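See structure below.
The values are calculated or read from the model by the stated rules, or taken from the named source; none is laboratory data. Quick caveat, the model's predicted, so the values are computed rather than measured. So basically every Cβ, Gly included, is an ideal-geometry build from the backbone, and we count neighbours across all protein chains shown.
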C-alpha cells in the first residue's frame, strides 16, 4: 500500500483539516499529523503551500497538495481499493462535486454570518438565509441516510463538520438554524428535521467523531475568552502599547467600514489572514500603536473602536469582538 | 462521435464557463444540441435545469442536468473516457494539482477580471486589474511546474488546466480592447504568453471561441445593467 510518508499539516479546530483526516481514516491510512499555529505560520507550511498559505496540506511521498476537497478526491483515487468515497457513477460524481462547491460557496458564508450576528431583526433574516441554503443542500440528501447513500460519502465528508459547528453557532448566537431549541426569543421557529437527523447519524460514525474537534474544546474557542472583551466596556483599555484586533468578515461592509474609520482616525492598521483555512473569510484587523511602538493617539483608537461598537451593537459572547493584547 | 443521441448544452456564447465546456466536448468530438440562453431574461428550461444557481453552462444528458463547468468537464472526460485525448491527467497527484489551480482560476482570477469589467470607478478598475495580474503571476509559476517544459499545462496536448485558463483568453483580449490593458504579456508572463498563442491555435478549441466583438457587446450590456 502506498502509505510511505503521508503527512497532514493541520490545525485541530479546522473543519477543512477534518475533511482530510476523515478521508484518510476511512481508508485506514496511517499518517503523521503536523500541528500548525495559524497565528504564526511555519516555514514548512509556506513552503508546502505558498499560494494560499492555508491548512490542510497533504504531503504524500514528499509531494504537497492543498484544497481540502481536492485532497479528498486524491485520497479516494490513490487508495482506490479502500473505502469508496466518491460515487461510482459519473452523473452521481458530478452531482457530488456540484453540491460540494455549493456548500463551500453558499452555505459556509451563510452559516458563518449567523455566528457573527447580533441579536435583532437583522439576525432573524440571516438565520432564514442560512436555513434556505441548508434546505437547498438537503435536496442532495432526500430519501437517504447520508448524502453518500447508505454510507458516508464525499459530500458527507465535505459538510459533515456542520454537525459539530452549527449547534455551537446556534448556542453562541442564540439562534435556531437546524435545531428547535429555547435559545432565544427572536428566532424563526423553522427547523430542518432532515438535516438534524443527518447530524445525529453522522456524529454516530466513529471516524467522524474522532476527527471533528470535540465540542467541549471547540465551544470555548468560538466563545471569546478572557482576553476578549465586549466592546461596550472596552475603550478604557485602549492605551499606549496595546494592539487591538477586530474580527471581521473580509469584504463585508463592516471590514470596509472599519478600515475607513481607521484611515480617518489616522490609526495604523494591518489586515491579517487568520481563521479556519479553506475559503474562510475570517480576517483580523490589527491596529498597531504606531511605528516602533510609539504612543498611539488613544482618542483616535477609541474613536475607531467606539464607532465599531455603535455600528454592530455587540453583545457578550458574540462576534464582532475586540481582543486586546499587549504588543509583543 | 455521437453524443449518444441525447445531449444538450444550455449556454451563453460569450461565457468563459460555457466556452470551457464546449472546448471539452470539441476535444472529445462529441456532438450536441447547443441552446443559447438569454441570461438577462431567463428561460423556463434554464430555471428548470439549474434551479439552484440559474446559470449556464448546463449539460443535459439523457434528460439529466449537470451544472458547474468544472464538474461538467470531468463528467465529459469520464463518460467519453475512451475518446482520446484524456482531459484530466492520468496521475492522481497531477490531477490534484490541476484541480487546485482550476479552483484558483475560478475563485481568484475570474472575480478579479470580471470585477475590472464591471468596475464603476477608475480606482476600482485599477485595483481589479492589479489583482488579475497578481493571479496571473501565480499561474505563470504554475505553468512552469505543471508543463515540465512541454507545450501545455497538460503536457504535449491540451488538458484540464489548459481549458480552465484558456477559456478566459478571449476575455483578456476583450479587456485589452475595452480598457487598453494587457493582462498576459511577454514581459511579465512570458510562459503564459507563448502558451496562449499555442492554445489559441489548437484545433480542438479554436472553433468555439467567440469573436471579441461579441464579448465587448456583452460587457457593455453588463455595465449598463449593473454599473450605476
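Overview of values
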quantity	calculated
In region A:44-59, the residues that are part of a strand (DSSP E or B) and surrounded by fewer than 23 Cβ atoms within 10 Å (Cβ to Cβ)	A:59
Which numbered condition residue A:41 fails, given (1) touching a residue at least 12 places away in the same chain (Cβ under 8 Å); (2) part of a helix (DSSP H, G or I); (3) more than 11 Å from every other protein chain (Cβ to nearest Cβ)	(2)
Conditions (1) modelled with pLDDT under 95; (2) in contact with a helix residue (DSSP H, G or I) (Cβ under 8 Å, 6 or more places away or on another chain); (3) assigned by TED's automatic domain parsing to the domain that holds residue A:202; number of the one not met by residue A:100	(1)
Selected residue [crowded, with 17+ Cβ neighbours inside 10 Å and either within 13 Å of chain A (Cβ to nearest Cβ) or touching a helix residue (DSSP H, G or I) at 6+ places or on another chain (Cβ under 6 Å) (or both)] from B:30, B:21	B:21
Odd one out for residue B:69 among (1) under 19 Å from residue B:9 (Cβ atoms); (2) touching a residue at least 24 places away in the same chain (Cβ under 8 Å); (3) more than 9 Å from chain A (Cβ to nearest Cβ); (4) surrounded by fewer than 24 Cβ atoms within 10 Å (Cβ to Cβ)	(4)
Residue check for residue A:102: surrounded by 20 or more Cβ atoms within 10 Å (Cβ to Cβ), within 14 Å of chain B (Cβ to nearest Cβ) and touching a residue at least 24 places away in the same chain (Cβ under 8 Å)	yes
Hits in region B:54-66 - residues which are free of Cβ contacts under 8 Å to residues at least 12 places away in the same chain and assigned to a loop (DSSP other than H, G, I, E, B)	none
Options B:100, B:40; residue that is assigned to a loop (DSSP other than H, G, I, E, B) and more than 18 Å from residue A:90 (Cα to Cα)	B:40
Residue B:196 being at pLDDT below 95 and away from every other protein chain (no Cβ under 14 Å)	no
Single residue of region A:22-38 satisfying the filter (in contact with a helix residue (DSSP H, G or I) (Cβ under 7 Å, 6 or more places away or on another chain) and part of a loop (DSSP other than H, G, I, E, B)) that is nearest to residue A:205 (Cα to Cα)	A:27
Selection count where residues are in contact (Cβ under 8 Å) with a residue 24 or more places away in the chain and surrounded by fewer than 23 Cβ atoms within 10 Å (Cβ to Cβ), scope region A:138-148	7
Qualifying residues in region B:143-158 (those that are touching a helix residue (DSSP H, G or I) at 6+ places or on another chain (Cβ under 7 Å) and assigned to a loop (DSSP other than H, G, I, E, B)) - the one modelled with the lowest pLDDT	B:154
Residue that is within 14 Å of chain B (Cβ to nearest Cβ) and either part of a helix (DSSP H, G or I) or surrounded by fewer than 22 Cβ atoms within 10 Å (Cβ to Cβ) (or both), where the choices are A:77, A:129	A:77
Residue match in region A:160-183 (condition: within 14 Å of another protein chain (Cβ to nearest Cβ), touching a residue at least 40 places away in the same chain (Cβ under 8 Å) and buried (at least 23 other Cβ atoms within 10 Å of the Cβ))	no
Test: residue in region A:109-118 that is away from chain B (no Cβ under 14 Å), over 21 Å from residue A:14 (Cα atoms) and surrounded by fewer than 19 Cβ atoms within 10 Å (Cβ to Cβ)	yes
The listed residue being in a helix (DSSP H, G or I), at negative phi and facing another protein chain (nearest Cβ under 10 Å), out of A:18, A:69	A:69
Test set (1) in contact (Cβ under 8 Å) with a residue 24 or more places away in the chain; (2) surrounded by fewer than 16 Cβ atoms within 10 Å (Cβ to Cβ); (3) away from chain B (no Cβ under 11 Å); (4) under 27 Å from residue B:146 (Cα atoms) - residue A:30 fails condition number	(4)
Residue selected from region B:75-87 under the condition touching a residue at least 12 places away in the same chain (Cβ under 8 Å) and within 7 Å of chain A (Cβ to nearest Cβ), by the criterion nearest to residue B:165 (Cα to Cα)	B:75
Yes/no for residue B:52 being more than 9 Å from every other protein chain (Cβ to nearest Cβ), within 24 Å of residue A:107 (Cα to Cα) and either touching a helix residue (DSSP H, G or I) at 6+ places or on another chain (Cβ under 8 Å) or modelled with pLDDT under 85 (or both)	no
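Here is a yes/no grid of residues against (1) surrounded by 14 or more Cβ atoms within 10 Å (Cβ to Cβ); (2) touching a residue at least 60 places away in the same chain (Cβ under 8 Å); (3) under 16 Å from the mean Cα position of the chain (by Cα):
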position	(1), (2), (3)
B:178	yes, yes, no
B:182	yes, no, no
B:195	yes, no, yes
B:202	yes, no, yes
B:207	no, yes, yes
B:210	yes, yes, yes
B:226	no, yes, no
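For (1) facing chain A (nearest Cβ under 8 Å); (2) surrounded by fewer than 18 Cβ atoms within 10 Å (Cβ to Cβ); (3) touching a residue at least 40 places away in the same chain (Cβ under 8 Å), each residue gets a yes or a no:
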| position | (1), (2), (3) |
| --- | --- |
| B:121 | no, yes, no |
| B:128 | no, no, no |
| B:134 | no, yes, no |
| B:143 | no, no, yes |
